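Structure first, then comments.
The values are calculated or read from the model by the stated rules, or taken from the named source; none is laboratory data. As the structure is a prediction and not an experimental result, all values here were calculated from the model. Using ideal geometry, Cβ is built from the backbone for each residue, glycine included, and neighbour counts are taken over all protein chains shown.
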Amino acid sequence: MPEHIPPLDRLAGEAQSARGLSAAEVRRRGDRRRTTRRVTAGLATAAVVAAAGFGIWQSPLLDNAREPQWATTVSPTPTTSATEKPTTTPSQTPTHTPSPSPTSEAAADAPTWDNVPGLDIMYPYDTSLATVSGEWEGMGQAAKGLCDPGEWGNPTTTLVREFEAIDGPVSYAIVLGYADEQAAADGYQLIEDAARTCPTAQDPPHYVPADATTDWSAYISSVHPAENPDERMFNDTHLIKAGNRVLWRVNTYLGQDQNCSVIPDDVAGLCSYLLSANAATDKLIGR
């Protein structure tokens, strides 16, 4: 007989004494193991899905999706409209026709070239003694005579006609239109004062007030030194104011004496400007 080994004999004895498992017990234990494996697998799957979902949720691509539409949509601000005021019908007020301004009156009554004297008025004794050498609007640069004041008020119209005598002297017929009669009076006074106080005159100028117009008129003649001591320069100024217009005639010439008189019916004859004063007034007025 084989020799017994004590440890093995003890294990064999325990195995025989152990009660065997029934078939139902075996099936129960098998079902429990399968259930455990399924639960474990389910939990693992759920963990993977949860991890993936969390990663997607944290993605910046879904930043706008994390907030509900009502949380990000800006509600339109209500437009506040001004309270409408009741429309009132304006009362009918009488319409007044505005009075014409001085400027419009001056424009309507502005002088034209028809109001500027020609050869027949400037040289009443003989029109062949001179020719019209030029005419222009605006005073121009050259001084008009020896006593030109250089300022003539504020004329709105200035018409200049120049005449040249066959022996050389130059004369001018200047018509000035102003905004109103007061402005014309101011301009007239500037020219008259300059002629009566001419700084280059050797003697006090001869002043002859004339009544050739219903307004003002004056003839002023002054004598001035010349290069030749045997000769003198003469400057004749004739002024007429009618309404808002002023006529200024000036003639400068060289000679030994002034061969005319300011006295009517004098043997020397009336000076040309005084002889044609009435005709010059009619021309200025336009009658």
Out of all the residues in the range 255-287, which are out of contact with any helix residue (DSSP H, G or I) (no Cβ under 8 Å at 6 or more places or on another chain), under 17 Å from Pro205 (Cα atoms) and at pLDDT below 90?
Gly255, Gln256, Asp257, Gln258, Asn259, Ser261, Ile263
Which one is nearest to Val246 (Cα to Cα), of the residues in the range 161-185 that are part of a helix (DSSP H, G or I) and in contact with a Phe, Trp or Tyr (Cβ under 9 Å, 6 or more places away or on another chain)?
Ala184
Tell me whether the range 185-198 contains one or more residues that are more than 16 Å from Thr237 (Cα to Cα) and either in contact with a strand residue (DSSP E or B) (Cβ under 6 Å, 6 or more places away or on another chain) or β-branched (Val, Ile, Thr) (or both).
no
Can you confirm whether Asp114 is modelled with pLDDT of 55 or more and outside any helix (DSSP H, G or I)?
no
